[in-house]
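For reference, the structure discussed in these notes is given below.
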Protein chains: 2
Amino acid sequence: MEYKAINFDEKLDLINEYWSPRVVAELNDYQFKLVRLKGEFVWHKHNDTDEAFIVLEGNLRIDFRDGSIDIGPGEMHVVPKGLEHRPFAEQEVKALLVEPQGVVNTGD
Amino acid sequence: MEYKAINFDEKLDLINEYWSPRVVAELNDYQFKLVRLKGEFVWHKHNDTDEAFIVLEGNLRIDFRDGSIDIGPGEMHVVPKGLEHRPFAEQEVKALLVEPQGVVNTGD
């Protein structure tokens, strides 16, 4: 049988809008999503799940009500469930998200 | 509050043996594990879970009974539950694994 790995750059090249995650793989009932980010997103939270951000390219800042985190290429952070956060990318960021099926990116 | 991202290279530098995944983050009841791979692992399978391999550095081959897959930097593959597989790295590979808590890397 022919097996082919999922190539992040190839998949990212097919995405032509920001803040619009695309599912590229599934692991049990979890999903891997690639996303291109630029500018400021809305404040939101996910009451039922943690959310993982893995940065592939660029520098992502995530604001919290009591501080912020910078995530660069080769870095990741898990935002715990229920915590309000706002992603911000001054320049374009390419990232891989991991979260359960059915999560909406604007939260609850 | 001070927030700091998980830096893969920093964590990988602390690992001094091959085939010995270290948990670096948790997402609900799932774990992210960094691992350094070199040489050939044993044939095994996980009857209860899929397993994600995200390659950060080097080239990983995973053999299946009916073929094989090559996974390079910036690529990933999810091995489905129950499928026998054998990872092989001719040169050192640095990878990020995602799987539920409690999975043993030699399988069932």
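Odds and ends about this structure:
- Region B:1-17, subset among the charged types (D, E, K, R), part of a loop (DSSP other than H, G, I, E, B) and at the interface with chain A (Cβ under 10 Å from one of its Cβ atoms), residue surrounded by the fewest Cβ atoms within 10 Å (Cβ to Cβ): B:GLU2
- Filtering A:LEU27, A:LEU37 for residues that are buried (at least 19 other Cβ atoms within 10 Å of the Cβ), within 25 Å of B:LEU56 (Cβ to Cβ) and more than 8 Å from chain B (Cβ to nearest Cβ) leaves a single hit, A:LEU37.
- Listed by first and then second residue, the pairs with beta-carbon distance under 6 Å, at least 6 apart or on different chains, first residue in region A:47-63 and more than 9 Å from every other protein chain (Cβ to nearest Cβ), second assigned to a strand (DSSP E or B) and of a type in the set (Ser, Thr, Tyr), are A:ARG61/A:SER68.
- Residue match in region B:3-14 (condition: touching a residue at least 40 places away in the same chain (Cβ under 8 Å) and hydrophobic (A, V, I, L, M, F, W, C)): yes
- Checking region B:91-101 against the condition returns no match, with no residue being among the basic types (Lys, Arg) and facing chain A (nearest Cβ under 8 Å).
- Output for region A:46-65, where each listed residue is surrounded by 15 or more Cβ atoms within 10 Å (Cβ to Cβ) and not aliphatic (A, V, I, L, M): A:HIS46, A:THR49, A:ASP50, A:GLU51, A:PHE53, A:GLU57, A:GLY58, A:ASN59, A:ARG61, A:ASP63, A:PHE64
- Per this entry, B:SER20 is counted among residues that are more than 10 Å from chain A (Cβ to nearest Cβ), hydroxyl-bearing (Ser, Thr, Tyr) and either surrounded by fewer than 19 Cβ atoms within 10 Å (Cβ to Cβ) or assigned to a loop (DSSP other than H, G, I, E, B) (or both).
- Residues in region B:65-83 that are more than 7 Å from chain A (Cβ to nearest Cβ) and among the hydrophobic types (A, V, I, L, M, F, W, C): B:VAL79, B:LEU83.
Laboratory data are not the source of any read-out in this text; all were calculated from the coordinates shown. Please read these numbers as outputs of a predicted model, since none were measured by experiment. Cβ: placed from backbone, ideal geometry, glycine included. Neighbour counts: every protein chain shown.
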